[in-house]
Each structure stands twice: as C-alpha cells, then as structure tokens.
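S.K.: Let me begin by handing over the structure; questions about it come next.
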Amino acid sequence: MIPTTTNSSGLTRRGFAVGAGAAGLLATAAGDFARAQGGPLKVGVLLPRSGAQAGIGQDCQRGVELAPAIFKELGLPELAIMNADTETNVEVARARAEKLISDGAQLLVGAFDSGQTTAIAQVAEQKGIPFVINIAAAPQITEQGYKFVFRNFPTAAMILSDAFANQKELFEATGVAPKSVVFMHVNDTFGTSMQQGINAVLPRFSMPYQIVEQIAYDPTARDLSVEVAKAKATGAQALLLVSRLNDAILITRELVKQRWSPMAVLSMGPGWYEDQYLKTLGKLSDGPMSFVPWYDPHKRLSKQLEAALAKAYPGINMNTNHVFTFEALLVAADAYKRARSSDPKALADAIRTTNITDNVSIGPGIQFNDKGQNDKLKNAAIQNRGGKLLTIAPKEASNAKPELPMSAYDRRG
C-alpha cells in the first residue's frame, strides 16, 4: 500500500510499503494488527489550515506527515488520517469535529488554538470519542472533569513557571538582566489565560524585573504601530510577549521602524520561532528568546524526527508544532496497540495508562494524571540565531549558550 491521507470529506487507508529486514517485519506486524482489528485506527486531525493561523496549522501538518515511517520503525500500528480544516474559527472547529465523528473518526487530534480546542473537547466528550490535544495551553480545558480528553502539552501556568525559571537561569549565566519589561499579549483565549497566569505566578519567582505596562491587542490586527509606540514610551528595557506569527512579524517591523532595540525580546508563546518569521525577517529575526514547550535535542527519538524532517522538508527547523503533533499521534498509536481495539472506551482506558519514555519532548516521558493532563512536561528556552533555533535552557537539554543583550537592530547590516 502507498501511504496516503484524506480530507474531511472522505477516508483512505493509510499503509506502509513493506521493506526488507527488520523494517519489513515491523511493517508486516503493523499490517497484521490492523487487519485483525478491522483496519487502521481512524484518526481525525483538526488544524487551522486556513485563516489567521494557517501557517502554524500547516506546520503542524508536517508532524502528521512524518509520523507513519517512524511509527513503522517503532512497530506501532498504522493510522488512517482524516484531515479537517478549522479555518481558525471556533464554530467551524466544533462543526468539523462533529462531521469527522459522523464520518467514522474513532479518535480526534488537534487543534493548536485553545479556543478551537475547547470547542472540540466539548464535542468529543459529548460523543464519547477520545481527543488527544496536540497544542493548547488554556488550563480550563483539563479542569472540566472530562473522561475522553487528554493533553500532552503544558498548561499556561506550567509554561509560565518554567519560563520564569529558565529566564532566571539565563540571567544568572550571562550576568545580564532587564530591570523593567512591558508585557504585550494577544487578547485571544491563550493570550488571556497567559495574562491571568502571569499575575498569579510572577510573585513566586522574585524576578529581577518589574512589569511596567500591560498591552493587549487583536492577533489579527494589520497595524500595531500604536501598541509598539505605547510600549516604547514606557522606557522598559525589555519586551515580554505572548504572540502569534503574524503579529510577531508586525511587532518586529515596528521595533525597527521606531528605532527601538530592547535589551531582550522574551516570548512565551508561538510566533517568534516560526520558520516563516525567520525567513520573512532574515537578520532581523535574530535574538528573540522563546520560552516554550520544546524538544530535548539529546533524545534518540528527537534525532530521528529531526532527521526525517530535514529529509522531507529541507531548510525547515524542527519546532513545537511538529513535535507535539507527532507526539499526539504517538499517543494514539500506542494506545491502539495496547487496547487492541478501536472501541472509544477501550482507547480512553489505554490512554490513561500511557507510559511512553521513548519520546521527543523535554521531561521523563508521556503519562497522564487523573485529569488527563501530562503534568511531567518541562519547557525550554530557545534563541533565534542565524536562521536556526538553539536550545539555551534548561542546561540539561541545551545545545548552545545564550547571547544577551540582543544585538541592536540598526547594527545588523
């Protein structure tokens, strides 16, 4: 069989070509398993493939495309992928989740955005279909007492706690730290959750800086000149941000235009590490530090996934989108193998007992607590340098030293 994927209007079996040696034996075993269970597990993958978050949704899709060959090598059963586009819209996400289930999806994965993910979680719980979240940080998603919703991604509070811990590690390592920051954040579900989390978490960390101003803005805005001017006027030494891709680009261009080079750009979300950000801005993309869920570059499976990405998509840096979408599918395949059934309850029971130690993300592995949350995940600090993403904290997962303060924009040629 030739590996294939489908869209939300139809389903095609996804298979693996049988190779030679051990790989061939693994593929045969996976095929035998699928036949014994009546076919591969039908997994509906919901991502924002169009709309304001299209670039990120399409990046997540790369994690989907890389999974089959690696799963074959790991001896995991095949998955039949049913793709759906949420169009970066909460109500569309809800409707597409319902349609995937009516079309036969036995497990759902998605959806990057917390608002869209919340809507899908409600549908999955109502229908009794397991839902494995790839990316979404709003804490309330796993605080509803759901029995069919599982998240292998840190909550906003977890991201913030690790972000402040990693910042302090970097400030100590470099001997450089801002005394004041201005906090700019998107006003969507994720940004609001992070803003609320900062107010709750920051006092516990005795950070060297004070937040002198908080500025919320619309992530779909086409002009952020007023917001950046307001931030500059505070006299803050650094920017603390929760962004998306398009606004990260807009903010950077405004920093250059308004001739403001903060000591540091400290991001606690997506946008600043995206390949589109790096390629669009070139040398102007260097310097920002992102404190985000990431991968451990020293892990065996990380190296395998990174090699597969480099082969399939030359010039693309591995990032959060690939890693956690891949791991969501890894959870699904592992549960299907252990449950030996596509029955929703059996799958959900298997997911609850997940214990994957051969994984990609930072931390001891993938396990879920009684709320369906992997609370063992650890986050990283990464820095953009020369079009690459270097891990600079925590020390045990780092592959480079930090550069702080950031080089001034007007000195980059």
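The values are calculated or read from the model by the stated rules, or taken from the named source; none is laboratory data. Quick caveat: nothing in here was measured; it's all calculated off a predicted structure. Glycine gets a Cβ as well: all are built from the backbone with ideal geometry, and neighbour counts include every protein chain shown.
S.K.: Of the residues in the stretch 72-81, how many are more than 20 Å from the chain's Cα centre (by Cα), outside any loop (DSSP other than H, G, I, E, B) and either surrounded by fewer than 22 Cβ atoms within 10 Å (Cβ to Cβ) or in contact (Cβ under 8 Å) with a residue 60 or more places away in the chain (or both)?
M.R.: 4
S.K.: Kindly list the number of the only condition in (1) assigned to a helix (DSSP H, G or I); (2) modelled with pLDDT of 95 or more that fails for Glu396.
M.R.: If we test Glu396 against (1) assigned to a helix (DSSP H, G or I); (2) modelled with pLDDT of 95 or more, just (2) comes out false.
S.K.: With Lys232, Lys283, Lys279 as the choices, which residue is part of a helix (DSSP H, G or I) and more than 27 Å from His322 (Cα to Cα)?
M.R.: Lys232
S.K.: Right, here's the next one. So, Gln58, is that one more than 26 Å from Gly271 (Cα to Cα) and in a helix (DSSP H, G or I) or not?
M.R.: So Gln58 fails the test.
S.K.: Which is buried (at least 23 other Cβ atoms within 10 Å of the Cβ), out of contact with any Phe, Trp or Tyr (no Cβ under 8 Å at 6 or more places or on another chain) and not in a helix (DSSP H, G or I), of Ala84, Ala93, Ala137?
M.R.: Residue meeting the stated conditions: Ala84.
S.K.: When the stretch 362-374 is examined, which residues are found to be surrounded by fewer than 21 Cβ atoms within 10 Å (Cβ to Cβ) and within 13 Å of Lys147 (Cβ to Cβ)?
M.R.: Matches in the stretch 362-374: Asp370, Lys371.
S.K.: A follow-up question, please. Return the only residue of Asn321, Asn359 being in a loop (DSSP other than H, G, I, E, B), buried (at least 21 other Cβ atoms within 10 Å of the Cβ) and assigned by TED's automatic domain parsing to the domain that holds Lys72.
M.R.: Residue meeting the stated conditions: Asn359.
S.K.: State yes or no: is Asn199 modelled with pLDDT under 90, out of contact with any helix residue (DSSP H, G or I) (no Cβ under 9 Å at 6 or more places or on another chain) and not in a loop (DSSP other than H, G, I, E, B)?
M.R.: yes
S.K.: For the stretch 362-393, give me each residue that is part of a strand (DSSP E or B) and either among the aromatic types (Phe, Trp, Tyr) or farther than 15 Å from Ile135 by Cα (or both).
M.R.: Ala380, Ala381, Ile382, Gln383, Asn384, Arg385, Lys388, Leu389, Leu390, Thr391, Ile392, Ala393 - these are the residues of the stretch 362-393 that are part of a strand (DSSP E or B) and either among the aromatic types (Phe, Trp, Tyr) or farther than 15 Å from Ile135 by Cα (or both).
S.K.: Another question about this same structure. For the stretch 100-139, name all the residues that are polar (S, T, N, Q) and touching a residue at least 40 places away in the same chain (Cβ under 8 Å).
M.R.: Passing the criteria: Gln106, Ser114, Gln116, Thr118, Asn134.
S.K.: OK, next. Checking the condition buried (at least 18 other Cβ atoms within 10 Å of the Cβ), under 22 Å from Met158 (Cβ atoms) and in the same structural domain as Leu390 (by TED's automatic domain parsing), which residue from Met268, Met263 passes?
M.R.: Answer to the selection: Met268.
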